[in-house]
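Scroll down for the structure; my scribbles are underneath it.
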Amino acid sequence: MTNRTGLIVENATTGYDSADVLYGVSLNAEPGKITCLLGSNGAGKSTLVRLILGLTPARLGRVSFNGRDITRMQTHKVISEGIACIPEGRMVFSKCTVEENLLLGGYGEKDDALLTKRMKTVYDLFPRLAERKQQLAGTMSGGEQAMVSIGRGLMSEPSLLIIDEPSLGLSPLLVKENFKIIKEINERGISILLIEQNVRQTLAIAHYGYVLTQGKVVAAGTAQELLKDETMHAAYFG
Amino acid sequence: MDIGFIGQHLVNGLMQGMIYSLVAVGFTLFFGVLDVIKFSHGDVLMVGVFAGLTAFFGLDALGIENPYILVIAIILFSTALMALLGIVIAKILILPLKGAPPLNILLITLMLGTLLRESVRLFYPNGSNSKAFPAILPTDSFTWGNFSLRLDSVMLFVAGAAVIVGTYTLINRTRLGLAIRAVAQDEETARTMGINFGFIVLFTFALGSAIAAFAGVMNGFYYNEINFSMGLLLGAVGFSAAIIGGLGNLYGAILGGFLFAGLQTLAAAALPFSSSYKDVFAFAVVIALMAWRPTGLIAEKAYARV
Ligand SMILES: Nc1ncnc2c1ncn2[C@@H]1O[C@H](COP(=O)(O)OP(=O)(O)OP(=O)(O)O)[C@@H](O)[C@H]1O
Ligand SMILES: [Mg+2]
């Protein structure tokens, strides 16, 4: 098992003081692929992200990344294994400038030249951010904050990028733009675990997907398979 | 009113303001990263001064007389030891209580403060009496008319200003400072960026405690007298200063410190009956200010908040 690469979650169970949220969830995000996790509000998607990152520890089960056990690792160690996250709700550091937000995204990298280079890549992707380097992130529009959050997630040049509901609160046009960018990021060789509720557009770019309902994986398969899947339809379109 | 009188009060006020600001900076840093109020802060300052005094006795016994070596050694020993104490306090008392009601942390640090204070009183040789703090800084003075400015005051003020500027620069211009600000804004997202949260907390407590020790030593050199309960008032004033400035706000803490000293000085200079009313006056104004601006004088401003 341990020689398999990518992110592997096996039988993960966890929850908060008040209640259990995930029950024996298993999932695999393969290198180079876009893996999506679909599920309605409260299904436990963000909790699974927290579990992977070590923010909410697993009660049972195991998480490994590129063959390394990361189940009990502290969050900053998990990040240094090559995982980055664009959290739900963007969570930009509102009292820091755009540039500082990007620097925080690359916090693990100490080489200034490398950081400058990566920052340039981000500015090429989002020219709007280059114009507003010194603006406080909290004063930017929702769409611009989404750019900051995505750019920040790229600054560590992760091998796996976890994106939690990037479409939330964006106009249909921006949502479309967002999916395009996610695809582009993936084409640069970064594996992606995409958490979404936007089923059709997500499956249009994903290679593989999982459906989470009330803390359990109820369906899994390739994007094509999921589009046809019965359970999936029951959970989503039913 | 003559110039000497005003000048003397001005110097005194500035020196006090510097000391208060340095104490307030600690409160604001701790609150920034961990949302805790550490009531033992003033007593950590006091332990720092006694550590400095002990270092002086040690070096004195070794026959070292060069005042500059002595001063630097006192400062280094005191700040380093309190940085360490800050780390120990954060590690064994504050971090494990993370997630507990803030009132618990408040209570525990209040008790810790009492413990530190009583320990010095009981276990430091002759600890219940005031001690002379060595007057080893040069006391040459510049005189204009009947106002004289002593060199040691100038040196202390410059050193205090350097510590404040250094802290400001660290917080606003360095990678580590950026991480501290990130943790202050949103701990979980900061961790998600790969920031070692535990390290940042320990570092902040080391920094705040070292700055308090420095303020204590400054106080010792200025008044040449220290005692086991000096942390009580300094802690209360530093805390008030941090609150008036807007807790968590670095500029606010500095401003609050000078404001408080300004009020005290005003009272001491203007109230004819007795300067012992100066604290009462200053605290009364602080209470009025709090009623007027419950969140502090400075509206929370971006980069200012650590
Ligand atoms: N910090 C927390 N403390 C207690 N319960 C929580 C916490 N975070 C989430 N929960 C609970 O866990 C369950 C799953 O929440 P989670 O955020 O993982 O859902 P989600 O699938 O991400 O939903 P959404 O699509 O709305 O973001 C919910 O019932 C929620 O109330
Ligand atoms: Mg969620």
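The values are calculated or read from the model by the stated rules, or taken from the named source; none is laboratory data. Source: prediction; values computed, not measured. Using ideal geometry, Cβ is built from the backbone for each residue, glycine included, and neighbour counts are taken over all protein chains shown. What goes into the accessible areas is simple: the full protein's heavy atoms, side chains included, and nothing from ligands, DNA or RNA. Shrake-Rupley method; radii C 1.70, N 1.55, O 1.52, S 1.80 Å.
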- [ ] Please indicate, with yes or no, whether at least one residue in the stretch B:13-28 is open to solvent by 50 Å² or more (accessible area, probe 1.4 Å) and more than 17 Å from the chain's Cα centre (by Cα).
- [x] no
Open item on the list: So, in the stretch A:154-177, how many residues would count as being more than 16 Å from ligand 2 (Cβ to nearest atom) and on the phi < 0 side of the Ramachandran plot?
Closed with: 14
Task: Condition met for A:Val63 (away from ligand 2 (no atom under 16 Å from the Cβ) and within 30 Å of A:Gln134 (Cβ to Cβ)) - done: no
Open item on the list: From the list B:Phe258, B:Phe273, B:Phe228, exactly one residue is part of a helix (DSSP H, G or I) and of a type outside the set (Asp, Glu). Which is it?
Closed with: B:Phe258
Open item on the list: Every residue in the stretch A:207-238 that is open to solvent by 10 Å² or more (accessible area, probe 1.4 Å), at pLDDT 90 or above and assigned to a loop (DSSP other than H, G, I, E, B), please.
Closed with: A:His207, A:Gln214
Task: Those residues of the stretch A:126-138 which are surrounded by fewer than 18 Cβ atoms within 10 Å (Cβ to Cβ) and under 20 Å from the mean Cα position of the chain (by Cα), in sequence order - done: none
- [ ] Test each condition in (1) at pLDDT 95 or above; (2) surrounded by 16 or more Cβ atoms within 10 Å (Cβ to Cβ) for A:Lys77 and report the one that comes out false.
- [x] (2)
- [ ] May I ask you to say which residue of B:Ala182, B:Ala161 is open to solvent by less than 40 Å² (accessible area, probe 1.4 Å) and either facing chain A (nearest Cβ under 10 Å) or more than 22 Å from B:Leu22 (Cα to Cα) (or both)?
- [x] B:Ala182
Task: Matching residues, the stretch A:87-107, being closer than 19 Å to A:Thr47 by Cβ and within 9 Å of chain B (Cβ to nearest Cβ) - done: A:Pro87, A:Met91
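If you check B:Phe199 against the conditions, is it assigned to a helix (DSSP H, G or I), more than 30 Å from B:Ile3 (Cβ to Cβ) and open to solvent by 30 Å² or more (accessible area, probe 1.4 Å)? Don't jump to the end; show me each part of the working.
On the way: assigned to a helix (DSSP H, G or I): yes; more than 30 Å from B:Ile3 (Cβ to Cβ): yes; open to solvent by 30 Å² or more (accessible area, probe 1.4 Å): yes.
In short, yes.
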TODO: For residues that are out of contact with any helix residue (DSSP H, G or I) (no Cβ under 6 Å at 6 or more places or on another chain) and within 16 Å of A:Gly6 (Cα to Cα), scanning just the stretch A:139-186, find the one that is surrounded by the most Cβ atoms within 10 Å (Cβ to Cβ).
DONE: A:Ile163
Open item on the list: Conditions first: (1) within 14 Å of A:Gly153 (Cβ to Cβ); (2) facing another protein chain (nearest Cβ under 9 Å); (3) charged (D, E, K, R). A:Lys110 passes all but one, so which condition is the exception?
Closed with: (1)
Open item on the list: Can you list residue pairs whose Cβ atoms sit under 7 Å apart, with the first residue in the stretch B:60-79 being under 23 Å from B:Leu207 (Cα atoms) and the second being open to solvent by 50 Å² or more (accessible area, probe 1.4 Å)? Count only pairs 6 or more apart in sequence or on different chains.
Closed with: B:Leu70/B:Ile64
Open item on the list: Suppose we keep only residues that are at positive phi and either modelled with pLDDT of 95 or more or away from ligand 2 (no atom under 14 Å from the Cβ) (or both) within the stretch A:16-59. Which one would you say is surrounded by the most Cβ atoms within 10 Å (Cβ to Cβ)?
Closed with: A:Gly54
